[in-house]
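No lab work stands behind these numbers, since they all come straight from the coordinates. Values in this document were obtained by computation on a predicted structure and should not be read as measured data. Counting neighbours? That spans all protein chains shown, and the Cβs are built from the backbone with ideal geometry, glycine included.
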Amino acid sequence: MIYIGNWVLNSTRGDDRFEDYDEVESLIFASCAKQGMGSLAEVVQGEIVPSRAFMDGGIHEAIMDYEDSVFFEILAEELARRDMSREALPQDDYEELMDRINDYITEFEEHGTDNLCIEV
């Protein structure tokens, strides 16, 4: 969980990382050897980091699944709100909004983004 949190906070920041989160991650992974999980951490340039075995063990697939889910949920809500705005429907009509979101979610589950069109 520490790794995922640090990934969310720092993966897109380049050199402008939150170093204190890196430090917490290192502290947690340093305890792996003491807990019989030494294969989860390694030392790189004097710093304790998650091992290649840890990173290749499915954590990034789980992160990508989460990102896909969030992407489609946000997109569905934005499209539903856009549609309601175009139809001059009240944005606070929760039931209508949820119906439209669910329709979009169903579409995305069945077809992904294949049926999305951008009009210029």
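For the condition of a type in the set (A, V, I, L, M, F, W, C), within 20 Å of the chain's Cα centre (by Cα) and surrounded by fewer than 11 Cβ atoms within 10 Å (Cβ to Cβ), what is the one hit in I59, I105, I74?
Sole residue among the options that is of a type in the set (A, V, I, L, M, F, W, C), within 20 Å of the chain's Cα centre (by Cα) and surrounded by fewer than 11 Cβ atoms within 10 Å (Cβ to Cβ): I74.
Could you tell me whether the stretch 79-101 includes any residue that is of a type in the set (D, E, K, R) and under 21 Å from the mean Cα position of the chain (by Cα)?
No, because not a single residue in the stretch 79-101 is of a type in the set (D, E, K, R) and under 21 Å from the mean Cα position of the chain (by Cα).
In the stretch 1-112, which helices (runs of 4 or more DSSP H) lie fully inside it and hold 2 or more residues that are in contact with a Phe, Trp or Tyr (Cβ under 9 Å, 6 or more places away or on another chain) and among the β-branched types (V, I, T)?
2-10
Based on what the data block shows, is S11 of a type in the set (S, T, N, Q), over 12 Å from F54 (Cβ atoms) and touching a strand residue (DSSP E or B) at 6+ places or on another chain (Cβ under 9 Å)?
Values: of a type in the set (S, T, N, Q): yes; over 12 Å from F54 (Cβ atoms): yes; touching a strand residue (DSSP E or B) at 6+ places or on another chain (Cβ under 9 Å): no.
So S11 fails the test.
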